[in-house]
Every structure is written in structure tokens, then in C-alpha cells.
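The next block holds one structure in the form of C-alpha cells; read it before the comments.
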Amino acid sequence: MAKKKTKNQNAALSPERFLKEKANKLPIYKCLISKNYKDAGEAMVTIARERGNGKLCVANFLIDAFCLGVKDVFGNVNLEKDQFREYVENNEDLLMECDYALAHNYIYGAVEFAGEADIEPAAPYRTWKYILDDDTDDVPYIDIEFGHKGKYLLVADPGTKEALLIPKLREKLGDNFDYILGEVNDSFGNMDSEEDYLEKERRLFHYDYPEYPSDPKLNHPFIKDLMVDDDNFDYLPKNEVEKILNLPTEEVEEDLLNLILWEIGRTYPLINENPESYQEDSLILHSLLLLAIMESKNGFKAGMEILRQSADFVDAHLHFEASEYIVPAIVNSPIGKEQLEEIRTYLDEKGHVPSNLVILSEALPMIVAKHPELREDMLSIIKDFMKKMPERLKEGNWYNPEVPGFFACAILDLNASELLPEIEEVFTTCEVDTSISGDLDDIKEELQIPHTQPDNVRLASKETLMKYLTE
């Protein structure tokens with residue numbers, strides 16, 4: 001009989017166990033921190049400790065000093081020194097060497113700051129925290145200011161798990177909380193707060209309002225009652241939705257558009273004068289979803305009219321999820337030459353707020369995904385818009401740097417290498433938020449990869465839209 005193999009008592013520890021049992025007993029080799037950590041909302045802190053085998057145990061902490069604390073941690077428990085030196089050299093413009101005490105205080109301070117808002121560090125922190133010394137008086141205390149202009153400031157992409165924290169943070173922090181939606185680059189330490197940002201959009205906004213219906217003439221008045229019922233604020237009863245969808249289609253489409261136009265006319269004066277005075281309801285939100293589910297031509301009409309409203313209006317009715325409701329209503333509508341001309345007209349008009357332009361940019365590749373025959377017409381529209389960007393910028397900064405970034409993303413999604421000259425002109429003459437699309441070299445490289453269909457488009461199914469509406 002063969003002997004049983006005995007466990008090798010000298011076997012290497014797992015990375016997790018090594019970190020927990022050994023890491024913070026190793027001598028510090030080097031610590032690094034972002035050069036702009038005092039001003040930037042996002043900074044990197046790197047801690048390297050030297051192992052007995054001559055290699056390094058290295059952890060990189062991504063810190064959101066404005067709100068979220070530790071956003072991510074990654075590293076290597078057995079890194080060659082040559083690899084670490086290469087990392088330092090590649091990031092010498094961004095990182096500087098610092099004392100361990102500064103790195104320690106910055107990480108622990110960020111954890112404590114976020115914890116006061118009930119925000120936990122990212123999951124990898126539970127493993128990598130053991131590279132840190134215990135937070136005792138043995139480490140000199142350094143007072144570091146967190147937040148932005150005395151408040152928590154959340155910067156997040158629409159629809160992400162971070163963006164979903166907004167209601168919770170608003171409830172817990174009240175006036176001590178602002179947010180900015182839309183991806184920004186690492187230098188966002190100097191960005192404005194939400195209120196400053198909205199104030200700029202208010203100054204840019206202009207619209208000659210049409211006459212909206214003061215009393216909607218409805219084929220089915222119960223739809224309005226259903227929409228404005230406080231009990232249906234979050235969701236509509238599924239049986240009622242099915243009842244609506246079983247009614248004559250044209251009558252329902254007409255009612256939903258009239259209700260949206262009536263709601264716009266009823267609320268825009270209140271919201272534009274004082275957003276806080278608006279008593280919130282879900283009529284526009286639910287109506288857009290129904291029009292999207294019905295693939296109604298009125299979804300396009302309603303969506304474009306909402307995109308002509310102020311930033312305060314869109315935020316009051318649809319919040320940070322505006323694109324999740326407006327884009328499906330537009331994209332699921334029958335689209336032809338007439339609708340494309342309205343898009344062209346919209347992009348040619350002045351006075352639209354940047355955040356609404358961004359929402360429209362998300363819809364354009366999706367339209368082409370559903371209607372490949374419209375690709376050349378759509379590229380013509382985007383080309384004309386990009387060509388006008390530099391001149392419009394000189395006329396009064398009618399958009400922020402996110403707009404060309406998002407339109408560059410639309411061009412990438414469409415794999416429209418023929419629009420590279422327009423991208424180059426915008427990127428060399430305008431301020432562009434390259435964290436959204438990448439820099440010019442990134443775009444050139446991606447456009448060299450051949451595709452036959454629009455990339456990265458998100459066409460919400462009817463089943464998904466129904467869940468938004470009823471669950």
C-alpha cells in the first residue's frame with residue numbers, strides 16, 4: 001500500500017493568507033501618491049513592502065476623496081522589483097513618492113469619511129487592508145480634508161451602482177451632498193458642484209416654448225388618473241398596463257402624447273422658476289415607457305420635446321435615469337428621413353443644454369442598429385454637428401467637454417472611421433473630456449478595428465421595459 005502523502009508544512013501561503021499574516025510586518029520599500037491628491041477627487045495610493053525573497057508586495061488603492069472612499073484595490077504579493085520600477089517610470093507624471101504616514105492617513109481617512117455616509121470600502125479592501133499598519137498612535141496623524149467645498153460630492157456614470165446611491169445619500173446627508181452624473185477625468189478636483197453645474201446649464205438654456213394643451217382631451221381619461229395616483233408613483237399595476245395595451249393603439253398613443261405635452265406645459269414654468277416647488281409625479285416617466293413598449297411614433301415626438309426642456313425639468317421628472325426612459329422612446333419609434341431631419345434640426349438649434357445633447361448622442365447608434373439603411377444619413381448629421389462644434393464653442397461655450405466626448409463614443413459605436421477628420425478637428429481645437437471616449441490616439445486605434453454593425457449599443461427589450469414599468 002502506498003504511503004499517504006503528508007502536507008508540506010513549508011508550502012507557500014495563499015496570497016490572502018500571506019497578506020493577513022505577513023504583509024504589514026514587512027519593511028516599507030516605497031510609497032507613492034497622486035501628485036494632485038490635494039485637489040483631485042480621485043487619487044491613487046501605492047504601498048510597496050519588501051519581501052525576504054527580494055520581491056515586493058504591492059497594493060494600489062484607488063481613492064475617491066470626494067465621497068466613496070476606497071473605490072478599488074488591486075496588487076501583487078510577489079512582484080519583481082524591475083516590474084515595479086517600470087510601473088513607477090510609466091506613471092512619473094502622475095505619481096510622486098511620499099512617506100508611509102501620508103499614504104496611511106489618506107487611505108484610513110477616506111475610509112472613515114465614506115463610512116460616515118454609510119459607504120463601505122470596495123470589497124478587495126477587506127483583503128488588501130492588511131498591507132497597512134494598524135491605525136494607532138504609532139503612525140503620526142496627518143489632517144487631510146475630504147469632500148468638495150465642504151460637502152460630499154458623488155461623481156458617477158448614469159445607471160451605475162454608484163449613481164443608484166444618490167437617493168440614499170440625499171436622504172442621509174441632505175444639504176451636505178451634491179452629485180455630478182457623467183464620466184469625468186482624474187482632474188475633476190476642480191470641477192463644479194452639482195448646483196454650479198446646473199447654474200451654467202441654466203444660463204445656456206433657451207427655448208421658445210410652443211403652446212401646450214391646458215386640458216388634454218383624452219380618449220381614455222382613466223389613464224391620467226392612473227398616472228397621477230400617488231400609489232402608482234414607483235410602478236403601475238401590471239393588470240392596468242395590460243388593460244391599456246389592449247385598447248385601440250392609435251387612441252392610446254394619442255392620449256399618452258397629449259398627457260406628456262399637458263404635463264410639460266403644466267410644470268415647466270414652476271420648475272424653471274423654482275425646481276423645489278414642483279410636486280413630483282411619474283406621469284412623464286410612465287408614459288415614455290408605455291410609448292417605448294408600443295413602439296409608437298409618438299415616442300419620438302415626446303422624447304424630442306423633452307430634450308428641448310431645461311436641465312431642471314428633465315432632472316425633476318426623470319432624475320439621473322433620464323436616458324433610460326427618453327432613449328427607448330426615441331429608438332423604438334419608427335424612424336425614417338423625417339425623424340432624421342428633426343434630429344438634424346435639433347442639433348443645429350442653439351439653447352439646448354449639454355446633458356440633453358448627451359442623451360441624444362446615446363440614441364444615435366441605436367437607431368442605426370435598428371435601421372442599418374439609415375447609417376449614411378446619420379453619419380451626415382453627426383459630421384455636420386461635429387464640424388460646427390469649434391465655432392459654437394467660440395460663440396459662448398454652449399456645451400461642456402462631455403458633449404464632444406460622448407459624440408466621439410457614438411462615432412466609435414458606429415465604427416465611422418470616415419468621420420476621423422472631424423474628430424481630429426474637435427479634439428485639437430476644443431476642450432474634450434477624454435475620460436469618456438479616450439484620447440485621439442485611442443480613438444484612431446479603435447477605429448482601425450473593422451466592424452459591420454454598431455458596437456456597444458443597448459437596445460432595451462420590451463420585457464425589460466415592462467419590468468421598469470411594473471416591477
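The values are calculated or read from the model by the stated rules, or taken from the named source; none is laboratory data. Keep in mind that this is a model prediction, so the values were computed, not measured. Note: ideal-geometry Cβ built from the backbone for every residue, glycine included; neighbour counts use all protein chains shown. Side chains included, ligands, DNA and RNA excluded: accessible areas come from the protein's heavy atoms. Shrake-Rupley method; radii C 1.70, N 1.55, O 1.52, S 1.80 Å.
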Q | Computed over the chain, Kirkwood Rh from alpha-carbon pairs, angstrom | A | 25.2
Q: Please list the non-local residues whose amide H lies under 5 Å from the amide H of residue 180, H modeled 1.01 Å from N, same-chain partners needing a gap of 5 or more.
A: 154, 155, 156
Q: Write down the accessible area per residue of the chain in Å², having rolled a 1.4 Å probe over the full set of protein chains.
A: 50
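What part of the accessible area of the chain, given as a whole %, is carbon or sulfur when the probe is 1.4 angstrom?
Carbon plus sulfur share of accessible area: 46 percent.
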Q) If you put +1 on each Lys and Arg Cβ and -1 on each Asp and Glu Cβ, how big is the dipole of segment 288-401 around its Cα centre, in Debye rounded to 20? A) 260
Q | Residues of segment 42-63 with amide N under 16 Å of a point placed 7 Å along Cα→Cβ from residue 92 | A | none
Q: For the chain, find the longest principal axis of its Cα atoms and tell me its angle to the long axis of helix 100-115, 0 to 90°, nearest 10.
A: 40
Q.
Apply the a/c threshold of 1.5 to the C-alpha gyration tensor of segment 292-369 and tell me whether it is rounded, prolate or oblate.
A. oblate
Q.
Testing the spin-label approximation: label points 7 Å from Cα along Cα→Cβ at residue 85 and residue 175. State their distance in nm.
A. 5.6
Q.
Net charge around residue 129, counting only other residues with Cβ within less than 15 Å of its Cβ (Lys, Arg = +1; Asp, Glu = -1)?
A. -1
Q: As a check on your grasp of the helix formula, calculate [θ] at 222 nm for the chain: sum -39500 (n - 2.57) over DSSP H runs of n ≥ 4, divide by the residue count, round to the nearest 500.
A: -14500 deg cm²/dmol
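Report for the chain the percent antiparallel among DSSP-assigned beta bridges with both residues inside it, nearest 5.
Antiparallel bridges: around 85 percent, rounded to the nearest 5.
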Q) Zone of residue 211 (label point 7 Å along Cα→Cβ, backbone N under 19 Å): which residues in segment 235-268? A) 258-268
Q | Assigned charges on the beta-carbon of Lys, Arg, Asp, Glu; segment 207-330 dipole about Cα centre (debye) | A | 360
Q: Report, in debye and to the nearest 20, how large the dipole of the chain comes out about its Cα centre when Lys and Arg carry +1 and Asp and Glu carry -1 on their Cβ.
A: 2380
Q: Please give every one of the lysines within straight-line cross-link reach of residue 20, meaning a C-alpha to C-alpha distance under 23 Å, and leave out same-chain neighbours fewer than 8 residues apart.
A: 7, 30, 55, 71, 81, 129
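Does segment 295-425 classify as rounded, prolate or oblate by the C-alpha gyration tensor (a ≥ b ≥ c root eigenvalues; a/c under 1.5 gives rounded; else a/b over b/c gives prolate, otherwise oblate)?
Judged from the Cα gyration tensor, segment 295-425 comes out oblate (a/c at least 1.5, b/c at or above a/b).
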Q | Amide H contacts under 5 Å for residue 65, placed H, 5+ residues apart | A | 42, 43
Q. Sorted by average packing, counted as other Cβ atoms within 10 angstrom per residue and highest first, what order do 224-234, 300-310, 82-92 take?
A. 300-310, 224-234, 82-92
Q.
Going by average Cβ density within 10 Å per residue, which order do the peptides 211-221, 37-47 take, highest to lowest?
A. 37-47, 211-221
Q: Compare the Cα positions of 400, 69, 282 along the charge dipole of the chain (+1 at Cβ of Lys, Arg; -1 at Cβ of Asp, Glu; about the Cα centre) and return the one farthest towards the positive end.
A: 69
Q) Using a ≥ b ≥ c from the Cα gyration tensor of segment 220-263 (square roots of the eigenvalues), is it rounded, prolate or oblate, where a/c under 1.5 gives rounded and otherwise the larger of a/b and b/c decides, a/b for prolate? A) oblate
Q. Got the relative contact order for the chain handy, in percent, Cα pairs under 8 Å and 6 or more residues apart?
A. 11
Q: Can you spot the lysines whose alpha carbon is less than 30 Å from residue 383's alpha carbon? Ignore those fewer than 8 places along the same chain.
A: 200, 297, 301, 337, 350, 370, 394, 444
Q: Using only Cα atoms, tell me the angle between helix 402-413 and the longest principal axis of the chain; keep it within 0 to 90° and round to the nearest 10.
A: 90
